[in-house]
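The next block holds one structure in the form of structure tokens; read it before the comments.
FYI, it's all coordinate maths here, none of it is from the lab. The structure displayed is predicted, hence computed values, not measured ones. Backbone-built Cβ (ideal geometry, glycine too); neighbour counts: all protein chains shown.
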Amino acid sequence: MLKKKIKKRRVSKSEYFINITVTLVLILFAFALLFVPRVTLNAPLKEIININSSYTDKGITISDILGNKRIVKPLDKINTNKNRDYNINYTYKDNIFTYHISKKISVKDIEKPKIKLNGNLKEYYCPNGEYKEQGFSAYDNVDKDITDKVKVKKEKDKIIYRVLDSSGNKSEVVRKLIAKDVDSPSITLNGDDNIFLNLNEPYIEDNVTISDNCDNDLTSNIKITNDIDNTKVGDYRVTYEVSDSSNNKSKIVRNVKVREPLKTNTIYLTFDDGPRDGTTDVILDILKEKGVKATFFVTMNGNDSLIKRIVDEGHSIGIHTASHKYDIIYASKDNYFNDLEQVHKRIYDITGVDSKLIRFPGGSSNTISKKYSEGIMSTLTKEVLNKGYQYYDWNVDSGDASFATNPYKLYNSVVNSISHDKYNVILMHDTKTYTRDALSSIIDYCLSNGYSFDSLDIDTMPIRQRLNN
Ligand code: ZN
């Protein structure tokens, strides 16, 4: 067996010392490293800040081995209102060392201008026409209004709007164009929405007015259908339909009511503004004595018992107004109906009658309402019908609210204004003493001259004046 002698190397004393020293130094160094604070930047090394924006430096964070943290802010200040580059320095000193960190911040205009289009991003235009520019504007954070810098490029199916601000930021918006007519023709009735015909009275077609965004004249495309039978009392409809060359359709309806004609030779006495104690009660006595029925358009005035008597004694009761103040009731639709509802409720609460008869203060033809709201009477006359009411004007003004201020004048005024050829709806006021005092003679004259009396009801053909507002 071969024996090998392995010679053991001896470590010298000096080598041993060196080894120990190096190890100790390394341990000390590692130990010292533990006490070196950790430094962290709280924002990126390079930052770009938009001009005119607000900026707060996040600083650097110094943390030691014990977990203590402190934030160090730079001494340098930044003006964010100017285009400029900054070197920012953070300095921190401890017992042994000084630490330095620097970073770059650039203040720049990095915001794109904004293009705003009037109209839509997708616009339809008439196939037989051209798209009409709806307009646009451009605004930049630095340059402000730069609408005049917008470059418009029109292509077959789109428009491209581009703009560049003074810092070279670009914006672009595209508007899509589609050659298609998507709008229906507009259709409005000529004449009234609601027509009243006497039995056997011919219906006269007023037609409609059409306008369309793409087609000039659609008159020949109007289709009118109606189911009117004027030999029968009833409600009928006239329907108007129209379609444009792109087949967009519109439709509107007119209502026609065929009614029993009012009898000529008939007198409808109508009393407004009451009831009033001392006049209405006497008027009711006279009507009872003569066997005549009349119509009372009442207010909130007078005793409740008079409202009850009107109904109990077979007269018609209608709504006049609660306030009779033109500046209030004709200022708005809501005001009018609030006022009307008060009287409607009063009548209902006292008598149980859900009255649908209306007389407008000043009549439907009044012009005073124009002072408070333009067009209010046109709105109200339609709206009351929509709500199921019926309004009644007059064709004989007794004059008791103007010139006929004593019983003799009033008597003369009435007997000279009534006629055998028409139905006479006479405007009177049961609040006037001379009306009360003339009534008996007026009724006697009428009866002895072949007239008869009747009261209005919801199916009575209304007398209506021409609207002036
Ligand atoms: Zn009145």
For residue 93 and residue 313, calculate 0.36 nm times their separation in residues minus their Cα-Cα distance, and state this gained length in nm to one decimal.
68.4 nm
Set of lysines with alpha-carbon distance to residue 223 below 22 Å, sequence-local pairs under 8 removed:
249, 251, 257
With equal scatterers on the alpha carbons only and no solvent term, can you work out the Debye log10 of I(q)/I(0) for the chain at 0.07, 0.08, 0.10, 0.14 1/Å?
-0.68, -0.75, -0.90, -1.29
At 0.36 nm per residue, and after removing the present C-alpha to C-alpha distance, how many nm does the segment from residue 468 to residue 122 gain when stretched out fully?
120.2 nm
Residue 41 versus residue 66, label points 7 Å from Cα toward the beta carbon: distance in nm?
3.0
Relative contact order (%) - criterion: Cα under 8 Å, at least six apart; region: segment 186-259:
38
Counting only residues 5 or more apart in sequence or on a different chain, those whose built amide H sits under 5 Å from that of residue 196 are 257
As I understand it, the value is the acute angle between the Cα axis of helix 333-351 and the longest principal axis of the Cα atoms of the chain; what does it come to in degrees, rounded to 10?
50
Compute the separation of the alpha-carbon centres of segment 334-390 and segment 134-203 and state it in Å as a whole number.
40
Step through the residues of segment 142-151 one at a time and calculate ³J(HN,Hα) from phi using the Karplus curve (6.51 cos²θ - 1.76 cosθ + 1.60, θ = phi - 60°), rounding each to whole Hz and writing x for Gly and Pro.
9, 7, 6, 6, 10, 3, 5, 9, 6, 9
Lys/Arg +1, Asp/Glu -1 at C-beta; segment 310-417 dipole; positive extreme among 369, 395, 416:
369
Relative contact order as a percentage, segment 53-148, C-alpha pairs under 8 Å and 6+ apart, gives 17
Output wanted: per-residue J couplings in Hz (rounded whole) for segment 265-272, from phi through Karplus 6.51 cos²θ - 1.76 cosθ + 1.60, θ = phi - 60°, x for Gly and Pro.
6, 9, 10, 10, 7, 10, 10, 10
So, relative contact order of segment 38-108 in percent, Cα under 8 Å, 6 or more apart, is 34
Using a Förster radius of 60 Å, what is the FRET efficiency between residue 378 and residue 142 based on their Cβ-Cβ separation? Nearest 0.05, please.
0.65
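Using Cβ contacts closer than 10 Å as the measure, can you line up 420, 324, 344 from fewest to most?
By the 10 Å Cβ count, ascending: 420, 324, 344.
Going down the list 112/154; 290/422; 149/176; 308/333, which pairs span over 27 Å between their C-alpha atoms?
Those over the limit are 308/333.
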Residue order, fewest to most surrounding Cβ atoms within 10 angstrom, among 84, 436, 10, 309:
10, 84, 309, 436
Which value, in debye to the nearest 20, describes the size of the charge dipole of segment 88-208 about its Cα centre when Lys and Arg Cβ atoms bear +1, Asp and Glu Cβ atoms bear -1, and nothing else is charged?
1600
Looking at the chain, which longest stretch skips every one of the GluC sites (Glu not before Pro) that is in a DSSP loop with at most 15 other Cβ atoms within 10 Å, leaving the sites themselves out?
1-129
Treat the count of other C-beta atoms within 10 Å as a stand-in for reagent exposure and order 300, 461, 377 from fewest to most.
300, 461, 377
Which log10 I(q)/I(0) values does segment 38-108 give at q = 0.24 Å⁻¹ under the Debye formula, counting every alpha carbon as one identical point scatterer?
-1.06
What is the antiparallel percent of DSSP beta bridges lying wholly in the chain, to the nearest 5?
60
